[in-house]
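The values are calculated or read from the model by the stated rules, or taken from the named source; none is laboratory data. In this text, all values refer to a predicted model and were calculated from it rather than measured experimentally. Note that each Cβ is placed from the backbone with ideal geometry, even for glycine, and that neighbours are counted across all protein chains shown. Side chains are part of the model used for accessible areas, which takes the heavy atoms of the whole protein and leaves out ligands, DNA and RNA. Shrake-Rupley method; radii C 1.70, N 1.55, O 1.52, S 1.80 Å.
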Amino acid sequence: MKNIYFIQAAISKDNMSVYLPYASGCLVAYAMQDDEITRNYSFCDFFFMREAIEDVIHKLNNPYLVSFSCVVGNIEYSRRLAQKIKDLYPQCYLLFGGHGITEDGEFFLQNSPFADFVVSGEGEHAFFSLLKQLLHDKEFESVDNLTYRKNGKIFKNAVIYDYDIKDYPSPYLTGIFDDFFLRYPNVEFHSVIETNRGCPYNCAFCEWCYTKKLRFFPLER
């Protein structure tokens, strides 16, 4: 089994009140629908608190891929942790995405030699397709929303924003976070409830939602 870890570090250093790692959980929930992926990969753990970098390193067991979900407040922490992981596990793939990583994945890779992949925009399809390609020919040209290195050069694929999200599984309903409440009984957890993606407004200052098609999750979910 190939071990995968997720880093979605809290912005605050107060580890007594944290958000559940919803973005990372969405990647796992979507990928686990595929039998080949579940047979070959082990989704080992989520690191969603601002733990000391050395403490995180000691908890990793032969990582095959580490995925970083970044916002403005945790990018530098994630970069420092990623560099340590690459130093210790040079064959480990390091994947970055999230609000803090803009659509310019080429710029990020140019300035982060330890990183292997960047996902721009939504990550479910890109993460799923990346895992499939890593099991086969490792040709990444068909993986939408992905920027990657190959033969010393950086390549950026098309970025897609209009995926149909109505059948995306929820990380809450699929039980991905259930054991957190037993492992961390004294932590106050907060959750993101995602009702839609996109934005009905035209505020040009928001690169994440600006001009993106508005899509809704089913009300039943």
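Look through segment 135-157, keep the residues that are touching a strand residue (DSSP E or B) at 6+ places or on another chain (Cβ under 7 Å) and assigned to a loop (DSSP other than H, G, I, E, B), and return whichever of them is least open to solvent (accessible area, probe 1.4 Å).
Taking segment 135-157 first, the residues touching a strand residue (DSSP E or B) at 6+ places or on another chain (Cβ under 7 Å) are 140, 145-148, 154-157.
Subset that is assigned to a loop (DSSP other than H, G, I, E, B): 140, 145, 157.
Working: Phe140: 19, Asn145: 2, Asn157: 23 Å².
The extreme case among them is Asn145.
Just the residues that are open to solvent by 60 Å² or more (accessible area, probe 1.4 Å) and either in contact with a helix residue (DSSP H, G or I) (Cβ under 6 Å, 6 or more places away or on another chain) or part of a loop (DSSP other than H, G, I, E, B) (or both), please, taken from segment 174-190.
Residues of segment 174-190 that are open to solvent by 60 Å² or more (accessible area, probe 1.4 Å), as a first pass: 174, 178-179, 181-183, 185-186, 188, 190.
Selection gives Thr174, Asp178, Asp179, Pro185, Asn186.
Could you identify the single residue in Ile75, Ile53 that is farther than 17 Å from Tyr22 by Cβ and touching a helix residue (DSSP H, G or I) at 6+ places or on another chain (Cβ under 6 Å)?
Working: Ile75 fails: touching a helix residue (DSSP H, G or I) at 6+ places or on another chain (Cβ under 6 Å).
On inspection, the qualifying residue turns out to be Ile53.
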Hits in segment 1-45 - residues which are under 24 Å from Arg80 (Cβ atoms), in a strand (DSSP E or B) and open to solvent by less than 20 Å² (accessible area, probe 1.4 Å):
Ile4, Tyr5, Phe6, Ile7, Val18
Of the residues in segment 93-127 that are assigned to a helix (DSSP H, G or I) and within 11 Å of the chain's Cα centre (by Cα), the one that is farthest from Tyr22 (Cα to Cα) is Ala126
Of all the residues that make up segment 59-83, how many are part of a helix (DSSP H, G or I), modelled with pLDDT of 95 or more and in contact with a Phe, Trp or Tyr (Cβ under 9 Å, 6 or more places away or on another chain)?
6
Is it the case, given these coordinates, that Phe114 is more than 24 Å from Lys212 (Cα to Cα), aromatic (Phe, Trp, Tyr), touching a Ser or Thr at 6+ places or on another chain (Cβ under 9 Å) and at pLDDT 95 or above?
no
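This table checks each residue for (1) open to solvent by 20 Å² or more (accessible area, probe 1.4 Å); (2) closer than 21 Å to Gly198 by Cβ; (3) charged (D, E, K, R); (4) without any contact (Cβ under 8 Å) to a residue 24 or more places away in the chain.
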site	(1), (2), (3), (4)
Phe68	no, no, no, no
Glu76	yes, no, yes, yes
Leu88	yes, no, no, no
Gly97	no, yes, no, no
Leu109	no, no, no, no
Val119	no, yes, no, no
His125	yes, yes, no, no
